[in-house]
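A.B. asks: Below you will find the structure I want to go over with you.
The values are calculated or read from the model by the stated rules, or taken from the named source; none is laboratory data. Predicted model only: the values in this text are computed from it and were never measured. In this analysis, Cβ positions are derived from the backbone assuming ideal geometry, glycine residues included, and neighbour counts consider all displayed protein chains. Ligands, DNA and RNA are excluded from the accessible area calculation, which covers all protein heavy atoms including side chains. Shrake-Rupley method; radii C 1.70, N 1.55, O 1.52, S 1.80 Å.
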Amino acid sequence: MENNKKVSKAVIKRLPRYYRYLGELLKSGIERISSGELSKRMHVTASQIRQDLNNFGGFGQQGYGYNVKYLHDEIGAILGLDTSKNIVIIGAGNLGNALSNYPGFGKYSFNILALFDSDPSKKDSNRPVPVLMIDEIDKFFEEHHVDIAAITVPKAYAISTAQKVVSLGVKAIWNFAQVDLNEYLPEDVIVQNVHLAESLMQLSYNIKASHLKK
């Protein structure tokens, strides 16, 4: 569904949760669900669900609720999951390898094409996701269309690495390095910064806050 309305980051952050929960409902054989029933499962108010979905047209029918498969498919299309996207990972360390071995990406139409690293001892072209050398990246990009580059290199190399893949035509960066890359890249490049330590600190805060309530 086409929509030119400016959607808040909070709504966008919740869309993958809707998609995941609706997928679980489909597996359970549930064909329709009300916003109230969905709210109990997701721990989001029914009003919030309706407001979120109204950003894209609503999808529900009064007295009927939501058709689970239709809503699941529509949210998938909104998230761009109806088209496959090719990813390369720059940095074949522990995190890069863990990402390349995650089996769930294919389910969402994400294809990991290759990892790149500067350490010759890591080169392995025979793996399901090959590890190539960074000096092979120009030729690889000439031969393959790449939509997303995941950056898992140390902080000191993150900026130059991101600038390199952008120069090769990448317009989306999934950044795991501990530096925000937005200010170092053109405005038309989309950057998703993933700060694992910040997420863990938020969890630590919530643990402390829950103890204070007791």
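A.B. asks: What chymotrypsin sites (Phe, Trp or Tyr not before Pro) in segment 1-108 are in a loop by DSSP, with at most 12 other Cβ atoms within 10 Å of the Cβ?
C.D. replies: Answer by residue number: 64.
A.B. asks: Turning to a different aspect of this structure: Based on the Cα atoms of the chain, what semi-axes does the equivalent ellipsoid have, where each is the square root of 5 times one gyration tensor eigenvalue, given in whole Å with the largest first? Could you put the intermediate results ahead of the total?
C.D. replies: Numbers: eigenvalues 258, 92, 59 Å².
Three semi-axes, in Å: 36, 21, 17.
A.B. asks: How much net charge surrounds residue 147 when only other residues with a Cβ under 12 Å from its Cβ are counted (Lys, Arg +1; Asp, Glu -1)?
C.D. replies: +2
A.B. asks: State the percentage of accessible surface on segment 84-214 attributable to carbon and sulfur atoms; use a 1.4 Å probe and exclude ligands, DNA and RNA.
C.D. replies: Details: 4390 of 7970 Å².
On segment 84-214, the fraction of accessible area on carbon and sulfur atoms equals 55 percent.
A.B. asks: Would you mind counting up the charge near residue 34? Only other residues with Cβ under 13 Å from its Cβ, with Lys and Arg at +1 and Asp and Glu at -1.
C.D. replies: Local charge sum for residue 34: +2.
A.B. asks: How do 193-206, 136-149 rank on mean C-beta neighbours within 10 Å, highest first?
C.D. replies: Listed from highest to lowest mean packing, they are 136-149, 193-206.
A.B. asks: Could you name the lysines whose alpha carbon sits less than 16 Å from that of residue 27, not counting residues in the same chain fewer than 8 places away?
C.D. replies: Candidates past the 8-residue exclusion: 69, 107.
A.B. asks: Moving on. Using the Cα centre of the chain as origin and beta-carbon charges of +1 (Lys, Arg) and -1 (Asp, Glu), tell me which of 83, 68, 140 is placed farthest towards the positive end of the dipole.
C.D. replies: Positive-end residue among those listed: 68.
A.B. asks: Lysines within cross-link reach of residue 6: Cα-Cα under 22 Å, excluding same-chain residues under 8 positions apart?
C.D. replies: The reachable lysines, counting only those whose Cα sits under 22 Å from residue 6, are 171.
A.B. asks: Restricting the count to DSSP beta bridges whose residues both fall in the chain, what percent are antiparallel, rounded to a multiple of 5?
C.D. replies: Bridges in the chain are about 15 percent antiparallel.
A.B. asks: Over segment 1-118, what is the percentage of antiparallel beta bridges among all DSSP beta bridges, to the nearest 5?
C.D. replies: 35 percent
A.B. asks: Would you calculate the separation in nanometres between label points at residue 157 and residue 180, each defined as 7 Å from the Cα along the Cα-to-beta-carbon direction?
C.D. replies: If labels sit at residue 157 and residue 180, their model points lie 2.5 nm apart.
A.B. asks: How much mean residue ellipticity at 222 nm does the chain get from its helices, if each DSSP H run of length 4 or more adds -39500 (n - 2.57) and you divide by all residues, to the nearest 500 deg cm²/dmol?
C.D. replies: Computed ellipticity for the chain at 222 nm equals -13500 deg cm²/dmol.
A.B. asks: Points 7 angstrom from Cα along the Cβ direction at residue 205 and residue 24: gap in nanometres?
C.D. replies: Simple spin-label model gives 2.5 nm for this pair.
A.B. asks: Let me ask another. Compute the relative contact order of the chain as a whole-number percentage, counting only Cα pairs closer than 8 Å that sit 6 or more residues apart in sequence. Can you show the working numbers first?
C.D. replies: On the way: 268 pairs, mean separation 28.3, N = 214.
Normalised by residue count, the contact order of the chain is 13 percent.
A.B. asks: Heavy-atom accessible area per residue, segment 142-188, 1.4 Å probe: how many Å²? Spell out each step's value before the answer.
C.D. replies: Working: 2640 Å² over 47 residues.
Heavy-atom accessible area per residue stands at 56 Å².
A.B. asks: Which order do peptides 44-52, 89-97 fall in by mean Cβ count within 10 Å, highest first?
C.D. replies: Highest to lowest by the protection proxy: 89-97, 44-52.
A.B. asks: Here's a follow-up. Magnitude of the Cβ-charge dipole of segment 89-145, K/R +1 and D/E -1, about the Cα centre, nearest 20 debye?
C.D. replies: 340 debye
A.B. asks: Given a 1.4 angstrom probe, what's the average accessible area per residue across segment 1-57, in square angstrom? Each step should come with its number before you reach the end.
C.D. replies: Numbers: 3870 Å² over 57 residues.
Value returned for segment 1-57: 68 Å² of accessible area per residue.
A.B. asks: Note down the magnitude of the dipole of the chain about its Cα centre, charges +1 on Lys and Arg C-beta and -1 on Asp and Glu C-beta and zero elsewhere, to the nearest 20 debye.
C.D. replies: 1240 debye
A.B. asks: Still on this structure, I have one more. Past 30 Å, Cα to Cα, is the threshold; run 122/155; 40/208; 13/123 against it and keep the listed order.
C.D. replies: Numbers: 122/155 20 Å; 40/208 26 Å; 13/123 36 Å.
As for pairs spanning more than 30 Å Cα to Cα, those are 13/123.
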